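The values are calculated or read from the model by the stated rules, or taken from the named source; none is laboratory data. Model, not experiment: these values are computed from the prediction. Cβ placement follows ideal geometry from the backbone for every residue including glycine, while neighbour counts extend to all protein chains displayed.
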Amino acid sequence: MQEAIILVGGKGTRLRPLTNHTPKPLLGVAGSSFIRHQIAKLSDAGVEHVVFATSYLAALFEQEFKDFSEDLEISYAVEEVPLGTGGAIRNAGRLLRGTSADAPVLILNGDILSGVDLRALLERHQARDADVSLHLTRVPDPRAFGLVPTDQAGRVLAFLEKPKTPEECVTDQINAGAYVFRRSVLDAIPADREVSVEQETFPRLVTAGRRVFGHTTDDYWRDLGTPLAFVHGSADLVTGAATSPLVAAPAQALIHPTATVDPTARVTGGSTVGPHAVIGPHALVDRSIVGARVSVAEGARIHESVVDHDSSIGAESCLREVVVGCHAHVGPHNELPAQLRLSCGIRIPAGGVRVSGTAVACPTVH
């Protein structure tokens, strides 16, 4: 039986307010929760049992999959106290079904959208008789990441901190958040304390001479941890730049059958429009996520933004790289600046926020 663990315990603080009430892996991406895209990918790779390593709002994962009927069993390992990535893996390992010390266990970070071939990763792991295999990806600018140099055979030489100078950029390879562990190596991770797999487990294995290999590919890869990356990842799934078994065919938009889009409106760039949403006349939704029961009034423009469920965007308002929490209201004629995040339930009056100037007369008596 091929088994896997998905690390889904994080609070997703960089995606607030979207994650105030929903764990990051359960947020909607290209028409489904992101975790369902990962489950579909694991199923295609032959995985028969997966353990969710949960912590934050853990009960919502069981609720999400209470009616799941596919040929894949799901178990839930809840952290009562923070255990770090390594501790979470060890804690989830106690629910694995297999008993062989050499059995390979797939492990995925719960916020990485990746095109890596998981079957190929497993096959390379077994062909190399590896203790741990890591999916590595190349990035144009590695300064924001820890580096993972390898030798010509693919064996990992070190795990380096984020480089501070050009001379320290000895490779463009970084950890891409998908691993295969030999079961005995997984079971050796301490279970009674917080452990970082990136800063403690992997470096310790390399120092000890264990067989740690990198599987480097140029496949699609994106960390969905920030709002802009989140909307881009969703759009890439819709347009086909990234793939998922749950997305049937590339398109310019994914519009729920119960949504209403005015014939004069445009929904482009891989945008998604959720159930019972309404997009008004001459509105533009570009490379964005519009949640369930959201209303977008006439002439509004939404670019690279997320509007959470049950919110409304007034006429002629413009959003660019904005996150709008649930049950919020943006009145007409607002122009919201990039990187702005609106808390759940907030109300902005007509013309209340504008980046550019306004010629509206001052209502105050001077």
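Against the criterion of being within 13 Å of residue 261 (Cα to Cα) and surrounded by fewer than 24 Cβ atoms within 10 Å (Cβ to Cβ), residue 278 qualifies. Restricting the first member to the range 89-108 and to residues that are part of a strand (DSSP E or B), and the second to residues that are aromatic (Phe, Trp, Tyr), the beta-carbon pairs closer than 7 Å and six or more apart or on different chains are 105/181; 107/179; 107/181.
Scanning the range 220-259 for residues that are of a type in the set (Gly, Ala, Ser) and either assigned to a strand (DSSP E or B) or on the phi > 0 side of the Ramachandran plot (or both) gives 240, 253.
Residue-by-condition table, conditions (1) touching a Ser or Thr at 6+ places or on another chain (Cβ under 6 Å); (2) at pLDDT below 85; (3) within 21 Å of residue 196 (Cα to Cα):
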position	(1), (2), (3)
71	no, yes, no
74	no, no, no
81	no, yes, yes
103	no, no, no
109	no, no, yes
121	no, no, no
124	no, no, no
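The set of residues in the range 64-118 being among the hydroxyl-bearing types (Ser, Thr, Tyr) and over 20 Å from residue 46 (Cβ atoms) consists of 76, 85. Output the residues belonging to the range 128-177 that are at positive phi, surrounded by 16 or more Cβ atoms within 10 Å (Cβ to Cβ) and either of a type outside the set (Gly, Ala, Ser) or assigned to a strand (DSSP E or B) (or both). Selection gives 177 alone.
Scanning the range 160-173 turns up no residue that is in contact with a strand residue (DSSP E or B) (Cβ under 8 Å, 6 or more places away or on another chain), in contact (Cβ under 8 Å) with a residue 40 or more places away in the chain and of a type in the set (A, V, I, L, M, F, W, C).
Residue 229 - would you say it is within 29 Å of residue 132 (Cα to Cα) and in contact with a Phe, Trp or Tyr (Cβ under 6 Å, 6 or more places away or on another chain)? No, not satisfied.
Selection of the range 174-194 for residues being touching a residue at least 40 places away in the same chain (Cβ under 8 Å) and of a type in the set (Gly, Ala, Ser) yields 176, 177, 178, 184, 191. If the condition is being of a type in the set (Ser, Thr, Tyr) and within 13 Å of residue 85 (Cα to Cα), then the range 178-194 contributes only 179. Of all the criteria given as (1) touching a Ser or Thr at 6+ places or on another chain (Cβ under 8 Å); (2) at pLDDT 95 or above; (3) closer than 21 Å to residue 19 by Cβ, the one not satisfied by residue 310 is (1).
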